[in-house]
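Heads up: the structure comes next, in structure tokens.
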Amino acid sequence: MTDATDPSDERTVQDVLDYLVTHLNGALRRPGMYGGEVAIRLYFDAVAFADAAEQAWKQELKDLQTRRASFPTGVRGAFQDLWGDAHEGAVASVYAEIAHRQGWLRRDRTLTSTEHDEIRRVSETWCRKDRLLSDVVTEFGPPSVLFGGNNPHYPKTLAYATGQRDDALLCFHLWNDFARTPGQSLASVHAEPVLWAFRNGGALFTDGFVFTPEGSARRRAS
């Protein structure tokens, strides 16, 4: 007796690519649940192979090093050098720029060119004051991608993107932490994450940042 294969069980290359892209996007949004930066890079390896884009992925990695967005310790090292902290959501947002350029990033919201241009136009002035997570969402609307989970107390990065691969991923980096109270329980330092910086590309990694007063103070203290 021979086993008959159900044609519906056969998976195409596109099926495999879609599966891997789904998990890549999961790893970008919740890197802590997937294994952090190492897991993100492994998913990129797999997606690039399935999409016949290995050379493009290798070039993207070289470009990260050229821009000093990746140290021997990875993108995490670049953030540590920048302000002494490397929240996984911030790290993931840098890799998300690559996914956006390669057509692998799945957006929850797609901005129009006008909306995208407006964020870029007002960001430098807007970041002259300290802002909170709720301020960012009120001013610019829900993000295209949220890196770092929905818990309002944890640090996170909000990214805004159009459907055009050549348009930069616009990122707002927000920080929070936990400290022990006199009763020895843990409580968030801030009621909600505070904005440290807005990021918009840049020839070098540090060129793309506009810092809030809180973010500038953090850089001086690191």
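The values are calculated or read from the model by the stated rules, or taken from the named source; none is laboratory data. On a predicted model such as this, the values are computed, not experimentally measured, just so you know. Cβ atoms come from the backbone with ideal geometry, glycine included; neighbour counts cover every protein chain shown.
The table below gives the values:
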| quantity | calculated |
| --- | --- |
| Residues (outside any helix (DSSP H, G or I) and more than 11 Å from residue 82 (Cβ to Cβ)) located in region 205-220 | 210, 212 |
| Residue in region 73-91 that is more than 24 Å from residue 194 (Cβ to Cβ) and either in contact (Cβ under 8 Å) with a residue 60 or more places away in the chain or more than 17 Å from the chain's Cα centre (by Cα) (or both) present | yes |
| Candidates 147, 172, filtered to the one that is more than 16 Å from residue 78 (Cβ to Cβ) and at pLDDT 95 or above | 172 |
| Output for region 35-45, where each listed residue is farther than 19 Å from residue 16 by Cα and either loosely packed, with under 15 Cβ neighbours inside 10 Å or not charged (D, E, K, R) (or both) | 35, 36, 38 |
| Selected residue (criterion: farthest from the chain's Cα centre (by Cα)) from residues of region 202-222 that are among the aliphatic types (A, V, I, L, M) and surrounded by 14 or more Cβ atoms within 10 Å (Cβ to Cβ) | 217 |
| Residue list for region 86-105, restricted to those being modelled with pLDDT of 95 or more, out of contact with any strand residue (DSSP E or B) (no Cβ under 8 Å at 6 or more places or on another chain) and part of a loop (DSSP other than H, G, I, E, B) | 103, 104 |
| Qualifying residue in region 64-71 (condition: touching a helix residue (DSSP H, G or I) at 6+ places or on another chain (Cβ under 6 Å), assigned to a helix (DSSP H, G or I) and at pLDDT 95 or above) | no |
| Selection count where residues are surrounded by 22 or more Cβ atoms within 10 Å (Cβ to Cβ), of a type outside the set (Phe, Trp, Tyr) and in contact with a Lys or Arg (Cβ under 6 Å, 6 or more places away or on another chain), scope region 69-98 | 2 |
| Region 106-125 - residue that is in contact (Cβ under 8 Å) with a residue 24 or more places away in the chain and part of a helix (DSSP H, G or I) and, of those, surrounded by the most Cβ atoms within 10 Å (Cβ to Cβ) | 116 |
| Residue list for region 111-130, restricted to those being over 19 Å from the mean Cα position of the chain (by Cα) and of a type in the set (D, E, K, R) | 115, 117, 118, 121, 124, 128, 129, 130 |
| Selection status of residue 139, without any contact (Cβ under 8 Å) to a residue 60 or more places away in the chain and closer than 18 Å to residue 165 by Cα | no |
